[in-house]
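Working notes for the structure below.
Please treat every number below as a calculation from the coordinates, not as lab data. What you are looking at is a predicted structure, and each value in this text was computed from that prediction instead of being measured. Cβ sites come from the backbone with ideal geometry, for glycine too, and all protein chains shown count toward neighbours.
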Amino acid sequence: NAGVMQNPRHLVRRRGQEARLRCSPMKGHSHVYWYRQLPEEGLKFMVYLQKENIIDESGMPKERFSAEFPKEGPSILRIQQVVRGDSAAYFCASSPLGGGNQPQHFGDGTRLSIL
Amino acid sequence: GENVEQHPSTLSVQEGDSAVIKCTYSDSASNYFPWYKQELGKRPQLIIDIRSNVGEKKDQRIAVTLNKTAKHFSLHITETQPEDSAVYFCAASKEGYSTLTFGKGTMLLVSP
């Protein structure tokens, strides 16, 4: 049973370019969460999605960041016009059910570096 | 919103000793408290969790205790081994709100 799959593992972008991060949840999981981790920091919630719906995006910056989880295919976290401060590890997690109190299982993350 | 504080930020123990990591939370409605272990460059892995209807939960060398009145919960690792060395994160969430609020992590170093 494959776990949460994220790609790419490492992504290098120059300032002003776009970054696209992909996440395929565990089989049978329909709830996806994105977190950002800065060096020596905890994980900060960004956005929570179900298929074709954004449930909670309260942790996501209002500009340049967007997320989707289409009916078919992986969830995508998109960062437009990247800046140096976007350099971080971005983790995706999934759970079979939503509504709180559900174990979330994480992927290996995408390490984004901005030159 | 919820705020989770975690202490200590670093913890060094000798192999075989016990290790205790403590977390406090601010939102009295929180009722789910997972703990994650993250090795360098790896994914956070769920190692144990506890819900507010119990005060303690054990899984081999790992135990978690919860004090709802004081709003704090703790991770206890007994008979530590070098492979326990990692960063440990506590988190909290509440019913109807799926997102987790994490503490800043504790780097545990177990020396042989």
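Test B:ALA63 against the criterion of being small (Gly, Ala, Ser) and closer than 30 Å to A:ASN7 by Cβ, and give yes or no.
No; evaluated as a whole, the condition is false for this residue.
Whether a residue is of a type in the set (Gly, Ala, Ser) and either within 30 Å of B:HIS7 (Cβ to Cβ) or touching a Pro at 6+ places or on another chain (Cβ under 6 Å) (or both) was assessed, and A:ALA88 passes this test. Starting from residues that are over 12 Å from A:SER75 (Cα atoms) and in contact (Cβ under 8 Å) with a residue 24 or more places away in the chain, keep the ones in the stretch A:40-53 and report whichever is surrounded by the most Cβ atoms within 10 Å (Cβ to Cβ). The selected residue is A:LEU43. Restricting attention to the stretch B:102-112, the residues that are in a loop (DSSP other than H, G, I, E, B), closer than 19 Å to B:HIS7 by Cα and more than 7 Å from chain A (Cβ to nearest Cβ) total 0.
The set of residues from the stretch A:77-112 being more than 14 Å from chain B (Cβ to nearest Cβ) and surrounded by fewer than 16 Cβ atoms within 10 Å (Cβ to Cβ) comprises A:ARG78, A:GLN80, A:GLN81, A:VAL83, A:ARG84, A:GLY85.
Annotation: A:GLU72 fulfils all but one of (1) more than 25 Å from B:LEU40 (Cβ to Cβ); (2) assigned to a strand (DSSP E or B); the unmet one is (2). Pairs are defined by a Cβ separation below 6 Å, a sequence spacing of at least 6 or placement on different chains, a first member in the stretch B:72-101 that is more than 14 Å from chain A (Cβ to nearest Cβ), and a second member that is among the aromatic types (Phe, Trp, Tyr); the pairs so defined are B:PHE73/B:PHE33; B:LEU75/B:TRP35. Residues that are surrounded by 14 or more Cβ atoms within 10 Å (Cβ to Cβ) and more than 10 Å from chain A (Cβ to nearest Cβ) were ranked within the stretch B:30-47; the one that is farthest from B:TYR88 (Cα to Cα) is B:ILE47.
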